[in-house]
Amino acid sequence: MTSTITTTQRPLLGASILLTTAIIWSFFGILVRLLGYNIPFFYGGLVRNLAAALILSGILWYSKQYKPMTRHDLWWAIARTTIGMMSMVGNFAGFVYLPMGTAYFINFGGSIIGGFLLGRVLFGERLTPLKIISLVIAFIGMTMVYQVSFNPELVKYMIIIFLSGIAGSFWTISAKKISHDYSAVQLNALDTAIFSVLAFGLSLIQREVWVLPSLTIPWLANLLFLVMIIVTGQLIILGYKHIDAQRGSLIMLLEIVLGTILGAIFFHESLGILAIIGGALIITAAALPEVSELMKSRSANKTASL
C-alpha cells in the first residue's frame with residue numbers, strides 16, 4: 001500500500017481542509033466584537049502579525065523549507081498580502097458597525113462572487129451546471145439566514161465590507177498561483193512579515209498610541225487572532241492547493257452556518273426557522289460538488305481495479 005495521494009483524491013482532501021478552516025473562521029465575528037477598537041487597529045495588527053512572522057520564520061528555519069523566490073512570485077506574494085490587508089480593514093469596520101447577520105451576508109456575497117470570477121480569470125475554471133445550481137442554492141440560503149437591515153447611515157460600511165469580501169477571496173485564492181512551488185510555512189511567514197510592515201507604516205501615519213499588551217479581554221482576543229492567523233494561514237494554502245477556486249469558495253460559505261449560530265449564542269441575535277432552512281441550503285450547496293467528486297472518485301477506483 002502506498003501513501004501517495006492520487007489525483008482524484010486531492011479535491012476531497014482540499015475540501016476537508018477548507019471545511020476545517022471555515023469552522024475556525026466562524027469565530028471571526030466574535031473576536032472582532034471582543035477586540036473592537038480597544039487596541040489601536042493597525043498597532044494590534046502589527047503586534048499579532050509580527051509575532052506570527054517570527055514564529056513562522058523560526059519554524060521555516062528549523063525545518064529548512066526555505067526556497068528562494070523569483071521576482072514574479074514575490075510580486076504575487078506582495079499583492080496577495082496588500083489586498084488581504086485591505087480586506088481585514090474592511091471586515092473590522094463592517095463587523096463593528098453592522099449587525100452581524102448583515103455583515104456576514106454582504107461580506108460572503110462579495111467573497112463568493114469574487115471567488116467564482118477569480119477562478120475563471122486566474123485559472124480558467126469552467127462554470128459547470130452543477131456549480132451554477134450550487135451558487136443559486138447558496139444565495140437563496142444566505143437570503144434566508146440573514147435578515148439584512150438597510151440603514152442609509154451605514155451604507156458606506158455595507159459597501160466597504162462587500163469590497164472586503166472580494167479582496168478576501170483574492171487573498172485566499174491567489175495563493176494557488178505560487179503554492180505549488182513553495183511551502184505553506186514560507187508563504188505565510190512572508191505574508192505576515194509584509195503585513196507587519198504595512199501595519200507599522202499605517203500605524204505611524206494614523207499616529208496611533210502604542211500600549212503594552214496586558215491581561216485584558218481585547219488583548220486575549222488579539223492573541224486568539226494570532227493563533228487563527230498561523231493555523232488558518234497554513235490550511236488555506238494547503239486546501240486551495242488541492243481544489244479549484246470556485247468549489248473552494250462554496251465550501252468556505254459553511255462559515256456562515258456556524259458563525260450565525262455563534263452570533264445567536266453570544267450576542268442574542270435571532271435564529272428562526274428560515275435561518276435554519278437557509279443554513280441547510282448552504283450546506284447542500286457546498287456539498288453538491290463534493291458528492292459529485294466522491295462519486296467520480298469511487299467510479300474511477302472501481303474502473304482501475306478491474
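Each value in this text was obtained by applying a stated rule to the coordinates, not by laboratory testing. Just so you know, these numbers come straight off a predicted model, no measurement behind them. When we count neighbours, we look across all protein chains shown, and the Cβ atoms used for this are built from the backbone with ideal geometry, even at glycine.
Observations, loosely collected:
- At most 15 other Cβ within 10 Å, DSSP loop - trypsin sites (Lys or Arg not before Pro), segment 96-162: R126
- In the chain, helices alone account for a calculated mean residue ellipticity at 222 nm of -26500 deg cm²/dmol, with every DSSP H run of four or more residues adding -39,500 (n - 2.57).
- Gyration tensor verdict on segment 160-260 (Cα atoms; rounded if a/c is under 1.5, prolate if a/b is larger than b/c, oblate otherwise): prolate
- Here the extension length gained between Y66 and V96 equals 7.0 nm, from 0.36 nm per residue of separation less the Cα-Cα distance.
- Prolate/oblate/rounded call for the chain, Cα gyration tensor, a/c under 1.5 rounded: oblate
- Tensor-based shape of segment 22-98 (alpha-carbon gyration tensor, a/c under 1.5 rounded, otherwise prolate or oblate): prolate
- Longest site-free stretch - the chain; sites: chymotrypsin sites (Phe, Trp or Tyr not before Pro), DSSP loop, at most 16 other Cβ within 10 Å: 211-306
- Of all complete DSSP H helices in the chain, those with a Cα span along the helix axis of 20 Å or greater and a mean Kyte-Doolittle hydropathy of 0.5 or more are 10-25, 41-63, 100-123, 129-145, 155-173, 184-205, 217-241, 273-305.
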